[in-house]
Amino acid sequence: MPYDVTMIVGTALLVLANLSMMQNPPQITLGPDDKKAFPDAPKGFDQARDVPKGEVKTVEYESKSVGTRRKLVVYTPPAFDPTKKYPVLYLLHGIGGTEREWLDNGAPNVILDNLYSEGKLAPMIVVMPNGRARANDRAEGNVFESAPAFGEFDKDLLGSVIPFVEANYPVVANRENRALAGLSMGGGQSLNFGLGNIDTFAYVGGFSSAPNTFPPAKLLPDPEKAKQLKVLFVSCGDQDGLMGISQRTHAFLKEKSVPHIWHVDTGGHTWPVWKNDLYLFSQLIFKKS
């Protein structure tokens, strides 16, 4: 997706709207479509068990678009075999986080370790980058000020992150083996960049996507092409002040007959919802048909 000043400015304005909605949440009206697509994850799904563990490492890569070395958190599954090739889930954080937000708050390694122990996942590598594409990418001070940097992250993701992962890890380098998902700001990025690059990603998930999510006609100018996706997952909590963003996206996809999963969870703009989203989405991707 090319550099677009209008998009960057628009991202900043939308994030200000995000802040306003968080402080003064609008009335949430649920319709007949707004219900769970799946049962909740079982109790204890995010608690460490005595099961084989995947490995978590922080690594650095050269970002061509930012012009600095940046950090990634990489999870490799239990029984990882470097002689085999794996698909990759690129998992994005929210506006208040960094590459460590999922790891520090969402227990992705624990959730996935437990699912592997139950035989419910296709083996995959999970890459957690920093979606704030600028030299100072720490979540410091007024994090909303960094909104434009999130709008530029597609250049870093496509131009540096994915090439680095594919050069340094045993992965299958095609769209059928790439997934993109994220929470809040990262949910908007996942929908924007995933639906804008269907030739790159076959699986896309937006969890409680924030107002950086493009309006439907811009998000998906070619609905027919979106039918190439293997999984398109849109979710939000039923008490989330940002529900309208996801409802709007679902309504457009439904109108255009684009296959997708619309899952309304129980809860607000909070980690229990996003953990459950990861639990669900991870089981849907990279399945052999």
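The slack between Arg100 and Ala217, meaning 0.36 nm per residue of separation minus the straight C-alpha distance, is 38.8 nm.
For Lys256, the lysines whose Cα comes closer than 21 Å to its Cα, not counting residues fewer than 8 places off in the same chain, are Lys35, Lys218, Lys225, Lys227, Lys230. Comparing the chain with the 2.2 N^0.38 Å rule of thumb, its C-alpha radius of gyration ratio is 0.93 (two decimals). If R0 is 22 Å, the Cβ-Cβ spacing of Glu166 and Gln228 corresponds to a FRET efficiency of close to 0.60.
As a ratio to 2.2 N^0.38 Å, the alpha-carbon radius of gyration computed for the stretch 70-191 takes the value 1.06. Protection proxy ranking for 224-237, 188-201, using the average of other Cβ atoms within 10 Å per residue and placing the highest first: 188-201, 224-237. Compactness check for the stretch 156-289: Cα Rg over 2.2 N^0.38 Å is 1.01.
Once R0 is set to 25 Å, what does the formula 1/(1 + (r/R0)^6) return for the Cβ-Cβ distance between Lys254 and Lys287, expressed as a FRET efficiency to the nearest 0.05? Here the calculated transfer efficiency is 0.60. In this rough spin-label picture, where each label sits 7 Å from Cα along the Cβ direction, the Arg138-Val59 distance is 2.5 nm.
Read the figures in this text as sums done on the coordinates, not as results from a lab. Bear in mind the structure is a predicted one, so any value in this text is a computation, not a measurement. When we count neighbours, we look across all protein chains shown, and the Cβ atoms used for this are built from the backbone with ideal geometry, even at glycine.
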